[in-house]
1. Within the accessible area of the range 245-306, what % is carbon and sulfur when the probe is 1.4 Å and the other protein chains stay in place?
2. Quick one: length gained pulling A100 to D33 fully straight, 0.36 nm per residue minus the C-alpha distance?
3. Report for the chain the percent antiparallel among DSSP-assigned beta bridges with both residues inside it, nearest 5.
4. Counting alpha carbon pairs within less than 8 Å and at least 6 residues apart, what relative contact order, in whole percent, applies to the range 192-254?
5. Could you work out the mean projected area of the convex hull around the alpha carbons of the range 291-331, in square nanometres to one decimal?
6. Can you compute the label reach from D119? Point 7 Å from Cα along the Cβ direction, backbone N cut-off under 14 Å, restricted to the range 209-246.
7. Helix-only mean residue ellipticity at 222 nm, the chain, DSSP H runs n ≥ 4 weighted -39,500 (n - 2.57), per residue, nearest 500. What is it?
8. Write down the accessible area per residue of the range 123-202 in Å², having rolled a 1.4 Å probe over the full set of protein chains.
Amino acid sequence: MDLARFRYELPDDAIAQEPMEPRDAARLLDARDLSDHHFRDLPDLLLPGDLVVMNTTRVRRARLLGHRAGTGGAVELLLLHRNPDGGWSALVSPARRIRAGVELVFGPLQAVVTDDPVDGVLAVTFADESLLEEVGTVPLPPYIRTELSDPERYQTVYAETPGSAAAPTAGLHFTEGVLRALDARGVERATVELRVGLGTFRPITVDRIEDHEMHREWCAVPEATARAISEARRRGGRVVAVGTTTVRTLETFARPDGTVGHGETETDLFLRPGSTFHVVNLLVTNFHVPGSSLLVMLAAFMGDGWVEAYRVALERRYRFLSFGDAMLCER
């Protein structure tokens, strides 16, 4: 399937450069009838007995700016995940002239490259990892050109364990008020965790989407969440996933009857047109980068209706990408 089918024209002025304040003032397009709402209206668009599932991962201070020891050449790392040997995998820029044995300096923090970069990803160890929180910063996507005055605005209000290199951005619109309104509506809540890394945000660089290789990301479904999904199925409730990372997690653990197992694993699941969705009925999601694996997943989930929904969203001046507005769509 040609990647060109999943491209669209995204004007620069449609890309949100800062988050909406307050969070739940973001707009929400109901793709089922193309009606306009605000995110605070989400509980009214769901039904008592539905189950909302959210990814509780927290973004690490994963961005490191420094230089090569000796030459002084600038270097940037984005920490992806810890390796079994105790080191880290990291996306490096620029990768040119970076080889195993090269020493890197990030202020008071020193590091050594232990493996040559492959596709821009290298292995690195740090002399004193306790300095990572001091030296590192929360990474923002490259299309966001403004600095956040409050880094917590790139975390969900329900974020828990640090582990991700990027935020599960569909969840950024939730407030404590929206969560309370879901409870009052009789909508249940459950959680999963997927540690966002290259599998989520690396672009597709091949012409045929079937040739795209997803990088593996750690994910987990708690036993309580598996039980909540089984109970939702018994009462006729729908499973509402908040974000594509939640979809990938639930469908990784899916059973044919629409329930899920529990535990933890690494997933390289690439949901694309023709894939079967066993668990998720509704999806709350942001508007995605043209030609991305996230947009391909959306097309798999809602069919060609995504084209009209995106056309309408652009026409009505919805805000796109990580700090943009949201959409509610149905399988």
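1. Carbon plus sulfur share of accessible area: 44 percent.
2. Going from the current span to full extension adds 18.7 nm.
3. Given both bridge residues lie in the chain, the antiparallel proportion sits at roughly 75 percent.
4. 44
5. 2.9
6. Hits in the range 209-246 for D119 at 14 Å: 209-217.
7. Computed mean residue ellipticity for the chain: -5500 deg cm²/dmol.
8. About 45 Å² of surface per residue is accessible.
The values are calculated or read from the model by the stated rules, or taken from the named source; none is laboratory data. Nothing here was measured: the structure is a model prediction, and the numbers come from that model. Positions of Cβ are backbone-derived with ideal geometry, glycine not excepted, and every protein chain shown enters the neighbour counts. What goes into the accessible areas is simple: the full protein's heavy atoms, side chains included, and nothing from ligands, DNA or RNA. Shrake-Rupley method; radii C 1.70, N 1.55, O 1.52, S 1.80 Å.
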